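Below is one structure, written out as structure tokens; comments come after it.
The values are calculated or read from the model by the stated rules, or taken from the named source; none is laboratory data. Please read all numbers here as calculations on a predicted model, not as lab measurements. All Cβ positions, glycine included, derive from the backbone under ideal geometry; neighbour counts span all protein chains shown. With ligands, DNA and RNA removed, areas are computed over all heavy atoms of the protein, side chains included. Shrake-Rupley method; radii C 1.70, N 1.55, O 1.52, S 1.80 Å.
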Amino acid sequence: IDPPPVVQLRNMPVVGCAPDKIKIGLSAPIRCASIAADGSDFTITGSPAAVITGATGVCNSNNLADTVVIQFAQPLYQQGDYTITLKTGSDGNTVQGECGQGASIGQTVTFHTADTVSANFSYSLSKNCKVSTVNFSHDGANGVNSWRWVLDSAEVEVQTAQSFTKVYGDFGEKYVRLAVSNGVCSDSVLV
């Protein structure tokens, strides 16, 4: 008879923008009842600081899970590098495999978070009796590297630069929409 499979933490997929929880894959199913609901089977280190408040398994009909969901006290809005470490939980054990074998404490997985971004932008307006000149600018904060400006004018106009100038020959109310991204997080605003 083969020994029961060793339970190991697996690398995590990309966590996305401002995660309030993460999913950790496992090399072998674990008993859902062995996961400490308060998340104490896991610790997190990294900066800025994060706090684990809970853990659950993605459980099947046999009450086994091949994925654990770790809940944080609040979303991780800032860029950071984190390490999750498996330990003995408040229930007196580490997570246990299908056959009751405890997972080895000290196992780690790492993940990276990105800064959230804001699409708020600035502009300056210069008017004369024939044209209005508007200088649009976004600050590029938090690693923004993609801009999509959509201008409401006689024809819809799209700009993709961080800053640009638009000359309007017609007067009246105008709308500008800006969508920004840093490759992970995105935001948009309509003014």
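Amide H contacts of Ala18 (H built 1.01 Å from N, in plane; Pro and chain starts excluded): Ala114 sit under 5 Å, all sequence-distant by 5 or more or on other chains. Quick check: net charge around Asp41, other residues with Cβ under 11 Å of its Cβ, Lys/Arg +1 and Asp/Glu -1? Overall, the nearby charge balance is -1. Normalising the average separation of contacting C-alpha pairs (under 8 angstrom, six or more residues apart) by the number of residues puts the relative contact order of the chain at 19 percent. To the nearest 10, the accessible area of Glu98 is 100 Å² with a 1.4 Å probe. Considering every alpha-carbon pair of the stretch 1-96, the percent of pairs per 10 Å bin, from zero through the bin containing the longest distance, is 16, 50, 28, 6, 1.
Once the stretch 120-179 is represented by equal point scatterers at the alpha-carbon sites, with solvent omitted, what log10 I(q)/I(0) does the Debye formula produce at q = 0.13 Å⁻¹? Relative scattering, expressed as log10 I(q)/I(0), comes to -0.34. With a Förster radius of 41 Å applied to the C-beta separation of Lys21 and Phe171, the computed FRET efficiency comes to 0.25.
Dipole magnitude for the chain: about 340 debye, using +1 per Lys or Arg Cβ and -1 per Asp or Glu Cβ, origin at the Cα centre. Once percent of Cα pairs over 24 Å apart is calculated for the structure shown, the corresponding label among (1) 54; (2) 41; (3) 45 turns out to be (1).
Both numbers refer to the Cα atoms of the stretch 51-98; Rg and Dmax are 13.0, 38 Å.
Using bins of 5 Å that start at zero, the share of Cα-Cα pairs per bin across the stretch 60-155 amounts to 2, 8, 12, 13, 10, 9, 8, 6, 7, 6, 5, 4, 4, 3, 2, 1, 0, in whole %. Backbone N atoms of the stretch 140-180 closer than 20 Å to the 7 Å Cα→Cβ label point of Lys127 belong to residues 152-154, 165-176.
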